[in-house]
Amino acid sequence: KFWNVYQGAPPGNSEDGFYTDHQANIRVSGGSLVLDARQQNINKNFDYTSARVDTAGKENFLYGKIDITAELPNGIGTWPAIWLYPVGTKYEQMSENLGPDKYLNGGELDVAEEIGANHNVVYSTVHTLGGLLDGVANGGDPFTRELRLPGNNTTFNQYSIEWTPTTITMSVDNRVVMTYDKHPGDTYKEWPLNQWFDLILDLALGGTWGGAEKTQFPPDGIDDST
């Protein structure tokens, strides 16, 4: 009723897992939705399979509060994420072509991300074009915060986003991790967050961030034993 199961090659981030709707990769078990990564070749271009779901066309969001209760995986090469992405391309069409970063025109809300190379550390991020132009779109800037969360791969935690017309607040188990505010004079470059987004849950493998350990685990930065 609410979820689409994405099938096919990863849509971005140079990921190394092919997404399927196979029960080995996605199923309901014990009352939980399970996204499971596997080392298997069902597509000649990929040595791994995984799962990804989204609410596009079924349940879109503009303001309010979303709580996602999840247990994250632990394994070098994994890159799980709970995030929101614009439904349309309203702002993407409004400025000059910025190449692969043009998607930031519409913003992106990463409620929780983790990479296996730095497990038990959860990142919450608001991506905007304004942040990119200021040269501070990535880690360590006001738009990204991290939280050390020991045991998040063995227990469930509540990852939340509270979204108003002027503020984004992200939290874990009701502990505020970050806030991002709209300021007077902000344009869509700083605040494209007045449009509908859909919710995405995925377990990526490798790629531009998840594959951080390419030297230790060539060629994709994935520890196959996980």
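The values are calculated or read from the model by the stated rules, or taken from the named source; none is laboratory data. Because the structure is a prediction, the values reported are computed rather than measured. Backbone-built Cβ (ideal geometry, glycine too); neighbour counts: all protein chains shown. The protein model used for the area step is the full one, side chains on, heavy atoms only, and it has no ligands, DNA or RNA in it. Shrake-Rupley method; radii C 1.70, N 1.55, O 1.52, S 1.80 Å.
Phi angles across region 191-200 convert, under the Karplus curve 6.51 cos²θ - 1.76 cosθ + 1.60 with θ = phi - 60°, into 3J(HN,Hα) values of 9, x, 9, 10, 9, 6, 10, 10, 9, 10 Hz, Gly and Pro given as x. Ranking L201, V28, P86 by Cα position along the charge dipole of the chain, where only Lys, Arg, Asp and Glu carry charges on their C-beta atoms, puts V28 farthest toward the positive end.
Working from label points 7 Å from Cα in the Cα-to-Cβ sense, the Q216 to V121 distance is 1.2 nm. Please name which of G221, G211, H183 has its Cα lying farthest along the dipole of region 182-226 towards the positive end, using unit charges on Cβ (Lys, Arg +1; Asp, Glu -1) and the Cα centre as origin. About the Cα centre, the residue reaching furthest to the positive side is H183.
With the other protein chains left in place, how much accessible area per residue, in square angstrom, belongs to the chain at a 1.4 angstrom probe?
Working: 10970 Å² over 226 residues.
Per-residue value: 49 Å².
A Förster radius of 30 Å combined with the Cβ-Cβ distance from L33 to N174 puts the calculated FRET efficiency at roughly 0.85.
Going down the list K90/K189; K1/K65; K44/K214, which pairs span over 18 Å between their C-alpha atoms?
Details: K90/K189 12 Å; K1/K65 20 Å; K44/K214 21 Å.
Listed pairs above 18 Å: K1/K65; K44/K214.
Placing dummy labels 7 Å off each Cα toward the beta-carbon, the span from A9 to N45 is 0.1 nm. Rounded to the nearest 5, the antiparallel percentage of DSSP beta bridges internal to the chain is 95%. Remark: spin-label model distance K1-D224 equals 4.3 nm, labels positioned 7 Å along the Cα→Cβ axis.
So how strong a dipole does the chain carry about its Cα centre when Lys and Arg Cβ are +1 and Asp and Glu Cβ are -1, to the nearest 20 debye?
Value, rounded to 20: 400 debye.
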